[in-house]
Every structure is written in structure tokens, then in C-alpha cells.
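**Student:** Below you will find the structure I want to go over with you.
Please treat every number below as a calculation from the coordinates, not as lab data. None of the values given here were measured: they were computed from a predicted structure. Heads up, the Cβs are rebuilt from the backbone with ideal geometry, glycines too, and the neighbour counts pull from every protein chain shown.
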Amino acid sequence: MSTTQIRQQPQGEQPDDTGAFAWLRALGPRGRRAFGGAFGGYALDSYDFFTLPLSMVAIAAYFNLDKGQTGLLTTVTLVVSAVGGALAGVLADRVGRVKALMITVVTYALFTVLCGFAPNYETLLVFRALQGLGFGGEWAVGAILVAEYASAKHRGRTLGAVQSAWAAGWALAVLAYTLVFQFADADLAWRILFWTGALPALLVVYVRRNVEDAPQAAELRRADSDRGSFQSVFRPPLLRTTLFAILLSTGVQGGYYTLATWVPTFLKTERGLTVVGTGGYLAFLISGAFAGYLTGGYLTDRLGRKKNIALFAVLSALSVLAYTNIPVGANSLLLVLGFPLGFCMSAIFSGFGSFLAELYPTPVRGTGQGLTYNTGRAIGAVFPTLVGFLAGSWGVGGALVFGAVGYGLAVLALFGLPETRGRELV
């Protein structure tokens, strides 16, 4: 692999690098357009993902599924996303970040819509698995695209802002769910919700017309003959980094997707909330998530990548235990604790985009980031299924404690990874 050292200077960087929006000014015009494309792609990625957890009770009733089968729908999405993420990473290194971004968005939009036409559980399972191909790749490609425009000083905040798009998409999905399930019968409503997953197709038009790869990064990537190679990230000196990055991603995403998948069901089945009531409780959770992404982005630049992740891994585990052990009847306390739960489990993700990008050189950045993030997602996908199978005897709330175990794994993984704050992308 080439060892050429080319500093990734953001295009059009402004001399004034202070203030709340210095990170946005530092991106320059082309970088801001890239940020818009990545933010929109991740928000709609989130929207399409949450069409399933929000519809899970209705789908289970329609197809007469047990909790293990419904949990498998999420697991297969996340497992296949590992394949999609790895392939998208290689594609990003070989054909460019923007082209790969468009391909992933079209893929997850198409198969989300097809889920709404599924005649049986088996077909739904297949379509949801194929949706995972695009779902797995979009974040890694979009994060790399923006990271290569961002300055080292502001990269954590910039990528944290991209990460906050997940909460925006989640909120949009909850709003659509509340409206659709209020005005349509549940047997049709879940299908309508999937059909709205066609929205991301509009984003592709914007990306195609307005977004381009960071020029210096594209030049360096093309100059290296070893770009987009799986073997390169499993050889020294990157082997250790890759293995520990996979463990880190497994822990964080195992904890996160356990909660994202099962909290709506927990609120309905064990807390007896209505559709509107569930939406209200999720609003507190999502508001906390949005604030957490932005705060975590700031802290990852101030404290460092590893300290930010360790801090919020511990706080997330404690929040899960507190949230799931609130006595029945104390739903007002459940409402209040939704905000810190969403805050902590999202703030931990804010440093991921910058951290993983900084761990790998430009020619294999897409491959390394796509592979580690999504392999961790696939392994972590075991957690939601485990909760589903244990829910019958432990209850959904009791089984959710496995989310805390994931955060413990994340802390252990940090001991094998270097701190990268301030590192230039080369």
C-alpha cells in the first residue's frame, strides 16, 4: 500500500474556526453539499429501518408470529447489513464515495417498499434481508464522504451532526406511524408505512446533481493500487485495529439495536400504552437521542474519541437498567427517563464516524469502516433475537438487560485501539 502522505485540507476552509458553527464553515461549499447528501441519506436510512420496529406488533398479529420470529426480522436485516456494508465500503474505495452513496440509498428504498407487498412472513423476511444490503452501506459511505472534507479539529462535531440525522429520521418515522395507524386499520397500516419508504429516491436526484468526492482524497485513492482490498485490512499493521474495531461496533450496536427493536413493543405490551401514547413516550427518547448526537460530537473533539465512547457506554448501561426496572404504574417516571436513555445511547455513536475514518488510510478507508461497523452490527444483531426468545419467560423488560452487556463489550474493545483525536486523514 502506498505511504504517500497527503493532508486532507477541506475545500474552501474559512480562517475563522471558532464559534458554534465553525465546523460547518470549515467544510466549504462543496463540503456542505456533501454534508447535506450524507445527512439526508442517513435520516432516510433511519426512517426505513424504523418502519419495522414500529410495525412489529401489527405484523406479528397479521402473520401470527411469536416474539422469536419477529425478532428474527430485525436480526436478518442487521446480519445482511454486514455484507452490504462491507461491499459498499469496497465500492466506495473503487468507484468513489458519491456513486456508492447513491447505490446504497436506492437499494434500501426499493426493498423497504417491497416489504409492504409481502404476501407472507417468509417473503417479508427475504425483502427485509435485502433491504439490509443498502441499509448497511449508507452510513459508512456517507460518513467517509464528509470526514474527508472535514478539518481534523472539527471532525468529531461534523460527524456527530451527520449522526444526528438518525434521530431526525426516527422522529419522522414515529410521526408517520402515528398518523398511518390512527387512520388505517392495522392490517393495512403496516403496509402503508413500508410504502412510504420510497421517499429516499428523491434524495438520489439531489446527490447526483450537487455532491462530489473530496478532490484530494479521490486523487490519493486512485493513486493506490491496493484500494478496496479486504486482505489489506486483515494484514499487519491494520489487523489489530480491524479486530478491535469489530468488537467495539458489536458492543455498541448490540446494545443500541436491542433497545431500538424492543422498546416500542415493551411500551405497548408491558406498559399498556396506545399508539398515540407510545408515540409520545418515543418523542422523549428521540429528543434525547438528537441532543445526545450533537453533545457527543462536541465531547469527542474535547475529550477524545475513546473517552467519549467509554463515558457513554457506562451511562447507557446504567440507563437501560434504570428504564427497564421502573415499577409498573410509574409511567410518568418512564416518560422522564426516556430522555437520558436516548441521550446516552446516541451520544456514544457521535465519535464513530470520525474514529473509524481516522483508523484507516484513504485507499482502504471505505473498506475498513464499512467492514468493521457492519460486521459489528451483524454480530450485535444476535442481541435483539435473544431478547425475543427470552421475552416469553423473562418479559421484554427483563430481557432488555442484555443491551447493557453490549456496552460492557464496547469498553473492553477500547483497550486495543489508539486515540485518534486530531489525526489528519492520509
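**Student:** Measuring from centroid to centroid over Cα atoms, what is the spacing of segment 331-364 and segment 179-223 in Å?
**Tutor:** Between the Cα centre of segment 331-364 and that of segment 179-223, the gap is 22 Å.
**Student:** Can you pull out the chymotrypsin sites (Phe, Trp or Tyr not before Pro) in segment 57-145 whose DSSP state is coil and whose Cβ has at most 16 other Cβ atoms within 10 Å?
**Tutor:** Counting only loop positions with at most 16 other Cβ atoms within 10 Å, the chymotrypsin sites (Phe, Trp or Tyr not before Pro) in segment 57-145 are Phe117.
**Student:** While we're here: Using 0.36 nm times the number of residues separating Leu412 and Ala20, minus their current alpha carbon distance, what extension gain do you get?
**Tutor:** Between Leu412 and Ala20, full extension yields 137.8 nm more.
**Student:** Relative to the present Cα-Cα distance, how much length would full extension add between Phe234 and Lys307 at 0.36 nm per residue of separation?
**Tutor:** On the way: separation 73, 0.36 × 73 = 26.28 nm, distance 2.60 nm.
Extending this stretch completely gives an extra 23.7 nm.
**Student:** Something else now. How would you rank Ile192, Ile144, Ile348, Ile379, going from fewest to most other Cβ atoms within 10 Å of each one's own Cβ? Walk me through the numbers before you get to the answer.
**Tutor:** Details: Ile192 18, Ile144 31, Ile348 28, Ile379 21.
Result, fewest neighbours first: Ile192, Ile379, Ile348, Ile144.
**Student:** Taking the simple approach of a point 7 Å from Cα along Cα-to-Cβ for both Ala201 and Phe63, what is their distance in nm?
**Tutor:** Label-label distance for Ala201 and Phe63, simple model: 2.4 nm.
**Student:** Go through segment 168-179 residue by residue and turn each phi into a ³J(HN,Hα) via Karplus (6.51, -1.76, 1.60, θ = phi - 60°); whole Hz please, and just put x for glycine and proline.
**Tutor:** 5, x, 4, 4, 4, 5, 5, 5, 4, 4, 4, 5
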